[in-house]
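K.L.:
Handing you a structure now.
The values are calculated or read from the model by the stated rules, or taken from the named source; none is laboratory data. Quick caveat: nothing in here was measured; it's all calculated off a predicted structure. Cβ sites come from the backbone with ideal geometry, for glycine too, and all protein chains shown count toward neighbours. Each accessible area value is taken on the protein alone, full model and side chains, heavy atoms only, with ligands, DNA and RNA left out. Shrake-Rupley method; radii C 1.70, N 1.55, O 1.52, S 1.80 Å.
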Amino acid sequence: MEEFEVVASERYGSRPERHYSRGPDGALVWRGRGHGQSRGGLLDALTSVFLPQGYPESVSEDYLTYQMWDTLQAFCSSVTGALATQAMLKGVGVGDAAASLAGATVTWLLRSGTGMLGSIVFAWKKGSSLDCDAKKWRLFADVLNDVAIFLEILAPGFPPLFTLVVCVSGVLKSVVGVAGGATRAALTVHQARRDNMADVSAKDGSQETLVNLAALVFSLMLTPLVTNNPTLTWTLFLLFTALHLFANYRAVSCVVMETLNHARLAIVVRHFLAHGSVPGPAAANAREAVTPAFGKSFRVNVGVPFADVITTASELPKDASNRKYLLRLNKARGAVSIVLHYSAGASDIVGACFHAQLLSLALPRGATVEVAAEHRDGFLQLQREITAGDPCVSASQDFATRLFPEVLAGLRSAGWAISASLLQADEWRAQWHQCHQKAQ
C-alpha cells in the first residue's frame, strides 16, 4: 500500500475529508473524495440550488422533514387554487358574450379592496401573537386558505351572491397572507442556525417556485378535464384539500421550537410537578397542541398596567420591593394578569409565567393534576389559598420562588432558549415601593 506524507487536510461542511500530500516533484497532490466544493452529480447540484449553504449543519434538525411536508402542501394548494381560478373566471363572465366588462372589473376591485382592509384589521388584532404560536397560526392560515378556495369554487353557483361571496373569500385570503407570511418568517428564524436567515428564506422561495411550476404543469393537463365537469372539480378539490390539510398538520407537528411559549411552558410545569424534571424541547413540542382549543382556556396576560394587578395600596405585598413581578388571579375568568418591574429580565418573565401556570394547575377545574410527593404540600397550600379567594395569591409566591431556580436550571440544561421566550409580554413596566401606614 502506498504511503504518503499528509501536508494538510480539509473538508467542505460535513463531507468527507480530503488530504494533500507531497508529490514526487514537490507539488501538492490531493487524495480522497470531495474535490473542490462539490462531489459532482445531480444530487449535489440540486442541493446547491435548493438547500441553504452548509446544509445540514446550517439549519435546524427538523428542517428537511418540515420542508418535505411543506412542499407537498404547497403542491396541493396550487392545484386547488387553479380550480378556484377557473371558477372565478367563469363567475365574472369569461366565455359569456352577455357578460359586462365593467361588472367584472367592479367585482374584482371590490374583492381586492375588502381583502386589503381585512389584512390591516387582522394584523392589528393578532400581529403580536403570531410569533408566540407560530405553529397554530400556520395551520390556521392553511385551513382558512382552503375555506377561501371552497367559497371561490362555490360562488359561480349563486350568481346573485357572487360578489359578496368572492369578497368574503378575499378577506379570508388576505388573512392567510398575513398569518402565513408572518409565521413563515418565524419558522425561518427557528430554522436558520448560522445567522443565515436570508439564505434559508431565499432557498425556501426557490423550493416553492419549483413546486408551483410542477403544479402549473399538472393544472394545465387537468383544466380540459374539469371544464364544465363540476363533479370532477369537487372530487379533485376534496381530495387535494384533504391531502393539503394532512400535510400541513404533519409539517407543523414536526417542528421543534426551543423557545418557550405559554403552551410549551404549561407542558414543562405539569411535567416538573409530576416528575421533578424538565422535559427537553423535542418532548414538549411533541405534546404541544397545534390545533386551536375550543372552549374556555386559561389566559396569562404579561406586562399589563400596574392598576390591573394592584387596585388598593393594602394589596401591595410586604416584600414587594424584592419582587420583579406582581400578579393577580381572576378565578371567574380563568386568567392571570402580571405586572413587570422596570428591571425584570427574560428569566424573570419566565418565572412570572411559571408562577401563573402553577396557579392554572391549582384552579378547581375538575382535572386531576399529578404532583410528586416533594411538591405535594406546597401545591395543596396553593389550592387552599385560591379557594380562600385572595386575588393576589400572596402566599403562592413562596412556593413558586422555591421551585423556579430548579426549573430554570433544568430549562437551560435541557436546551431551552431562555433569553428569547415567546410569552407575549406587553410593553407596560412599573416600579413599586412598599407603603407604610401612618402612625395613629
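K.L.:
What order do you get for 325-333, 124-132 when each peptide is scored by the mean count of other beta carbon atoms within 10 Å, highest first?
P.N.:
Those peptides, ordered most packed to least, come out 325-333, 124-132.
K.L.:
Right, another one. Can you bin the stretch 114-167 into rounded, prolate or oblate? Criterion: square roots of the alpha carbon gyration tensor eigenvalues sorted a ≥ b ≥ c, rounded for a/c under 1.5, prolate for a/b above b/c, oblate for the rest.
P.N.:
Cα axes put the stretch 114-167 in the oblate bin.
K.L.:
Rank these residues by their accessible area, most exposed first, probe 1.4 Å: Leu382, Leu220, Leu172.
P.N.:
Leu220, Leu172, Leu382
K.L.:
Quick check: from the Cα gyration tensor, does the stretch 331-406 come out rounded (a/c under 1.5), prolate or oblate?
P.N.:
Oblate, because a/c is 1.5 or more while a/b does not exceed b/c.
K.L.:
Relative to the Cα centre, what is the charge dipole magnitude of the stretch 213-324, using +1 at the beta carbon of each Lys and Arg, -1 at the beta carbon of each Asp and Glu, and rounding to the nearest 20 debye?
P.N.:
200 debye
K.L.:
Something else now. Report the one residue of Thr71, Ser360, Pro224 whose Cα lies farthest in the direction of the positive end of the charge dipole of the chain (charges on C-beta: Lys and Arg +1, Asp and Glu -1; origin at the Cα centre).
P.N.:
Selected residue: Ser360.
K.L.:
Give the ranking of Glu61, Glu10 by solvent-accessible surface, highest area first, calculated with a 1.4 Å probe.
P.N.:
So, going from the largest accessible area down, we get Glu61, Glu10.
K.L.:
What number, rounded to the nearest 500 deg cm²/dmol, is the helix-based mean residue ellipticity at 222 nm of the chain, given -39500 (n - 2.57) per DSSP H run of at least four residues and division by all its residues?
P.N.:
About -19000 deg cm²/dmol.
K.L.:
Which residue fluctuates most in the GNM of the chain (Cα springs below 10 Å): Ala84, Ala104, Ala388?
P.N.:
Evaluated over the chain, the most mobile residue of the options is Ala388.
K.L.:
Something else now. Quote the accessible area belonging to Glu57 in square angstrom, nearest 10, computed with a 1.4 Å probe and with ligands, DNA and RNA left uncounted.
P.N.:
Here the residue's solvent-accessible area equals roughly 80 Å².
K.L.:
With labels modelled as points extended 7 Å from the Cα through the Cβ direction, what inter-label distance (nm, one decimal) is found for Ala346 paired with Phe246?
P.N.:
In this crude spin-label approximation the distance works out to 4.0 nm.
K.L.:
Given a 10 angstrom Cα cut-off, can you work out which residue in Gly205, Gly345, Gly23 is the most mobile in a GNM of the chain?
P.N.:
Greatest mean-square fluctuation among the candidates belongs to Gly23.
K.L.:
Calculate the radius of gyration of the Cα atoms of the chain to one decimal place, then report Dmax, the largest Cα-Cα distance, as a whole number, both in Å.
P.N.:
Just the Cα atoms of the chain yield Rg and Dmax of 28.6, 103 Å.
K.L.:
In the structure shown, do any of Lys125/Lys173; Lys135/Lys324; Lys126/Lys324; Lys136/Lys296 have a Cα-Cα gap over 20 Å, and if so which?
P.N.:
Check vs 20 Å cut-off fails for Lys135/Lys324; Lys126/Lys324.
K.L.:
For the stretch 289-429, what is the percent of antiparallel DSSP beta bridges, rounded to the nearest 5?
P.N.:
55 percent
K.L.:
Can I ask one more? Using mean Cβ contacts within 10 Å as the protection proxy, how do 399-410, 139-150 order, highest first?
P.N.:
Taking the mean over residues of other Cβ atoms within 10 Å, the ranking is 139-150, 399-410.
K.L.:
Also, I was wondering about something else. Compute, for the chain, the length of the dipole vector about the Cα centre, with Cβ point charges of +1 (Lys, Arg) and -1 (Asp, Glu) only. Units Debye, rounded to 20.
P.N.:
Around 980 debye, computed over the chain.
K.L.:
Considering only DSSP beta bridges with both partners in the chain, what is the antiparallel share in %, to the nearest 5?
P.N.:
That works out to approximately 70 percent antiparallel.
K.L.:
For Thr105, Thr114, Thr188, write out the residues from largest to smallest accessible area, computed with a 1.4 angstrom probe and no ligands counted.
P.N.:
Thr105, Thr114, Thr188
K.L.:
Something else: How large is the translational diffusion coefficient of the stretch 198-333 in µm² per second when you combine the Kirkwood radius over alpha carbon pairs with Stokes-Einstein at 20 °C and 1.002 mPa s?
P.N.:
Rounded to a whole number, D works out at 103 µm²/s.
K.L.:
Sticking with this structure for a sec: Among Asn248, Asn196, Asn261, which one shows the highest mean-square fluctuation when the chain is modelled as a Gaussian network with alpha-carbon springs under 10 Å?
P.N.:
Among Asn248, Asn196, Asn261, the largest GNM mean-square fluctuation belongs to Asn196.
K.L.:
In the stretch 188-321, if the dipole is taken from +1 on Lys/Arg beta carbons and -1 on Asp/Glu beta carbons about the Cα centre, which of Leu243, Ala215, Pro317 is farthest to the positive end?
P.N.:
Towards the positive end, the residue furthest out is Leu243.
K.L.:
Based on the mean of other Cβ atoms within 10 Å per residue, sort peptides 206-219, 263-276, 309-322 so the most packed one is first.
P.N.:
Highest to lowest by the protection proxy: 263-276, 206-219, 309-322.
K.L.:
Rolling a 1.4 angstrom probe over the protein chains, ignoring ligands and nucleic acids, what is the accessible area of Lys90 in square angstrom, nearest 10?
P.N.:
Accessible area, nearest 10 Å²: 140 Å².
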